[in-house]
Amino acid sequence: MRAAIAGLLAGTCFLQTRADLPDPTEAWALLAAGVALALLATFGRRPLALRRPAMKLPLLLLAGAICGFAWASLLAQQRLATALPLEAEGRDIDLVGIVDSLPQRFERGVRFHFRIEQAATTAALPPRIALSWYASDEDQAGMRAIAPGERWQLRARLRRPHGNANPHGFDYEAWLLEQNVRATGYVRPGNAALGGNRRLQSFVPNFSTLVERSRALLRDRIMTALEGKPYSAIVVALVIGDQRDISPGDWKVFTATGVGHLISISGLHITMIAGLFASAVLFLWRRSFFTRAQLPLLLPAQKAAALAGALCALLYVLLSGFGVPAQRTLYMLAVVALALWCGRAAQVSHVLALALGLVLLVDPWAVLWPGFWLSFGAVAVILYAGSGQARSLGPAGGWRASLRAAVRTQWAISIGLVPLSLLLFSQVSLVSPLANAVAIPVVSFIVTPLALAGSVLPAPLSGAVLMLAHQALAWLAALLTWLSTLPGAVWSAPAPDWWMFFAALAGLCWMLAPRGWPWRSAGLLVWLPLLLKQPLAPAAGVNMIAFDVGQGTAVLIETAGHRLLYDTGPWYTPEADGGSRVILPYLKARGIDYLDTVVVSHNDNDHSGGALSVLGQVRVGRMLSSLDEASPVVRAAAIHSPCRAGQRWDWDGVRFEMLHPDDAEYQRGGRPNGRSCTLKLSFGAHSILLPGDIEAPQEARLLSAMPRKLRANVLLVPHHGSGTSSTQAFLDAVQPQLAIFQVGYRNRYRHPKAEVVERYGRMQVQRLRTDETGAVQLAVGQDITVETWRQQHARYWQGR
């Protein structure tokens, strides 16, 4: 069984790397073949060569892989079949449907999932969509009161799932597919003829809405009791698993100390609560709830306790939002309860394998997210370090034996997850063992029980209990904050190559081998390539990546020994921007913690919006910008100089020269676009021009002052291809071979303008748009090579 499920995992993972899905007929045929092969390997009469146990294992692996690939393909085909028609994009459509998720309220509005029941269109709309409702005077009251399970009439404008596509970035399109959300959009002013945007029914009862309404009521109860408290969102996360309101600053501390796994409904919490409930039922059932019912004669107390514990775990997992760690724990507890009910002993490795198989069958996209690998990886490490057997620590061992076992387990997890943490996050918390030694008992045995009790007790008792939980959490947060600021609290390294990762896994198995295994510490030597890997850089010339940040600009330039960031992307929300969402994850995965120069071309949100995030997380040698000295971005820079025409420097044989603005441009004032820092870099016969958001007047001045310096092979299109830039005279002077349009998908400015795109086309210029190609990567040496992320990393769900 374990071999078949390992194959199931491999086949599922393989499908999630494919650019296309097999035909449904082919997928069904593959599934049938895989099932037949598994049955043959397990039960069928086999030739003599296949009767040997050594042949059964690879057959089961192969059968599992075929089934995993085929099953995941069939589920993907089913999800993708409900795509939003192209003709429905960008149109206002009147909808009637049910709020199908826990709403997320933010500064400017609310986000929620919406299950469509009726639509005023002939187009076939997907059944489930994600909507944002932004604040307006007309709809503000209704927007703030929206709750799960309500039926609403809304006018919405929809678009197909689309997210930024960058190396080491979050795949929003894959996440939407996993959530079965096949369109996104926003609420528009309502149709007056139909009564506007309005609630039609306060609650539509069904299983899903009942669960989500219960979660909403618990959240509101906690937030009301802890109004204004800094860690109220963490209490909510521990009770209902909703982590969306936890601040980025808190997440930074939890990540640095390695306790992020506790700030949710984790497997440990579910097991603890289910175990406590099962123990209570066992105690009461044996005593027939202090009645004369003789309940143990009707059903053994152990079976009643197992059933009660499993049902309690199911209820808690439903409240948690059904995340992967919660699923894994639920399935493992269910298998143990079933084995106890049937009077059979369950080997722990089999229980874990069954839980893994169930997760893959229900949610084959789970393998795309770190939580899946960390959840199952942690349990696998514990089983391997304990020789794969669950050991009882009963009274004979005493508290010292329990403490030794806890220390061994924490040690195994701490080192066991290092390779996986470096692969997924490019960092490892060195203070994690100490932080977890304190945080696990505090969160699991004090904060979580108090939070759960406070969320269901009657007022005013509930408020007092929730305040106790919050106070304990505040004391713990103070300790974790101090630990996170210690020198060397976090070890960072570039994301390892695959051979480094698997070599480290082999070394890990050697180190965690049972006592008596020779030279166990020698396994650490195999980790050296993983731990000592250095960021890659071009041997000569220039590497450049134009990030896909939506409607904005962010470009990283690398030479053999230096790095320059040109613009930092847009500001999205108070919690997110192009720096935190796109640039910093890329730099972290590359192991880059220092930028020689950051250029912020001008003071527009789509160019400077991520600057504070970058300056707060990465060491920066100097900053050049056209921003005012009073700007918060300028004040955050250690060294700042205004960018001026004539500035030039050489890095590793690459010439950098600032062409604009000059002193006269600063004195003119006007829109920030006109003062965009225009940078040209040259290597040999090749050059790249980064003009920011300059417009026709600035292009004309550059043509007048330095027409020969404008010549470049690669041009980052001025002002995202607006109608006020890229004049014919300017393009004649630049003579680009490649033009990169950094634009957002279906952006409100309608950039790039069709006439501008056509202007480049008439000159036979290769045109790349980041909303279509994702990030664009260039390598400039003897020649210029171009790669686009969506082509290089094509997946079957992209653009669908």
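The values are calculated or read from the model by the stated rules, or taken from the named source; none is laboratory data. On a predicted model such as this, the values are computed, not experimentally measured, just so you know. No Cβ is skipped: glycine too gets one built from the backbone with ideal geometry, and neighbour counts run over all protein chains shown. Heads up: the accessible areas ignore ligands, DNA and RNA and are worked out on the full protein's heavy atoms, side chains in. Shrake-Rupley method; radii C 1.70, N 1.55, O 1.52, S 1.80 Å.
A few comments on the model shown:
- Residues of segment 176-227 satisfying the condition of being farther than 23 Å from A119 by Cβ, in contact (Cβ under 8 Å) with a residue 24 or more places away in the chain and not basic (K, R): E178, L210, V211, S214, A216, L218, I222, A225, L226
- Scope segment 539-553; condition assigned to a strand (DSSP E or B) and open to solvent by less than 10 Å² (accessible area, probe 1.4 Å); matching residues: V542, M544, I545, A546
- The listed residue being on the phi > 0 side of the Ramachandran plot, of a type in the set (F, W, Y) and open to solvent by 20 Å² or more (accessible area, probe 1.4 Å), out of F277, F289: F289
- Taken together, the residues in segment 568-583 that are not in a strand (DSSP E or B) and not basic (K, R) amount to 10.
- Taking the numbered list (1) under 19 Å from I446 (Cβ atoms); (2) small (G, A, S); (3) modelled with pLDDT of 85 or more in turn, G258 passes all entries but (1).
- Residues of segment 427-445 classified as crowded, with 21+ Cβ neighbours inside 10 Å and within 23 Å of the chain's Cα centre (by Cα), total: 2
- Some residue of segment 674-685 being within 25 Å of G761 (Cβ to Cβ) and assigned to a helix (DSSP H, G or I): no
- Residue within segment 484-497 that is under 24 Å from the mean Cα position of the chain (by Cα), surrounded by fewer than 18 Cβ atoms within 10 Å (Cβ to Cβ) and in a helix (DSSP H, G or I) present: no
- Taken over segment 1-26, the residue count meeting the criterion of being under 25 Å from Q792 (Cα atoms), open to solvent by less than 50 Å² (accessible area, probe 1.4 Å) and in a helix (DSSP H, G or I) is 5.
- Of L530, L536, L556, all but one fail to be in contact with a helix residue (DSSP H, G or I) (Cβ under 7 Å, 6 or more places away or on another chain) and either in a strand (DSSP E or B) or not acidic (D, E) (or both); the exception is L530.
- Qualifying residues in segment 702-726 (those that are under 27 Å from T788 (Cα atoms) and either hydrophobic (A, V, I, L, M, F, W, C) or free of Cβ contacts under 8 Å to residues at least 24 places away in the same chain (or both)) - the one surrounded by the fewest Cβ atoms within 10 Å (Cβ to Cβ): A712
- Options V428, V447; residue that is in a strand (DSSP E or B), in contact (Cβ under 8 Å) with a residue 60 or more places away in the chain and out of contact with any Lys or Arg (no Cβ under 7 Å at 6 or more places or on another chain): V428
- Scanning segment 686-701 for residues that are part of a helix (DSSP H, G or I) and surrounded by 23 or more Cβ atoms within 10 Å (Cβ to Cβ) turns up Q698, E699.
- Search result, residues across segment 107-123 that are surrounded by fewer than 16 Cβ atoms within 10 Å (Cβ to Cβ) and hydrophobic (A, V, I, L, M, F, W, C): A120, A123
- Scanning segment 671-685 for residues being basic (K, R) and buried (at least 21 other Cβ atoms within 10 Å of the Cβ) gives a total of 2.
- Flag if A729 is open to solvent by 50 Å² or more (accessible area, probe 1.4 Å), farther than 26 Å from L176 by Cα and of a type in the set (G, A, S): yes
- Residue in segment 459-482 that is part of a loop (DSSP other than H, G, I, E, B) and buried (at least 16 other Cβ atoms within 10 Å of the Cβ) present: no
- Listed by position, the helices (runs of 4 or more DSSP H) inside segment 124-242 whose residues that are open to solvent by less than 10 Å² (accessible area, probe 1.4 Å) number at least 3 are 172-178, 207-225, 232-240.
- Test result for L352, part of a helix (DSSP H, G or I), under 21 Å from F207 (Cβ atoms) and under 34 Å from the mean Cα position of the chain (by Cα): no
- All of (1) open to solvent by 30 Å² or more (accessible area, probe 1.4 Å); (2) within 34 Å of the chain's Cα centre (by Cα) hold for F283 with one exception: (2).
- The set of residues in segment 508-528 that are more than 19 Å from P433 (Cβ to Cβ) and open to solvent by less than 90 Å² (accessible area, probe 1.4 Å) comprises C509, A513, P514, G516, P518, A522, V526, L528.
- Here the condition is being assigned to a helix (DSSP H, G or I), touching a Gly at 6+ places or on another chain (Cβ under 9 Å) and at pLDDT below 90; of G507, G523, it holds for G523 alone.
- Hits in segment 274-305 (condition: in contact with a helix residue (DSSP H, G or I) (Cβ under 6 Å, 6 or more places away or on another chain) and closer than 23 Å to L238 by Cβ): A274, F277, A278
- Identity of the residue in segment 55-93, among the β-branched types (V, I, T) and open to solvent by 20 Å² or more (accessible area, probe 1.4 Å), that ends up nearest to R188 (Cα to Cα): T82
- Cross-chain or 6+ apart pairs with Cβ under 8 Å, segment 478-499 first and among the hydroxyl-bearing types (S, T, Y), then open to solvent by 10 Å² or more (accessible area, probe 1.4 Å) and in a helix (DSSP H, G or I): T481/V253; S484/K252; S484/V253; S484/A256; S492/K588
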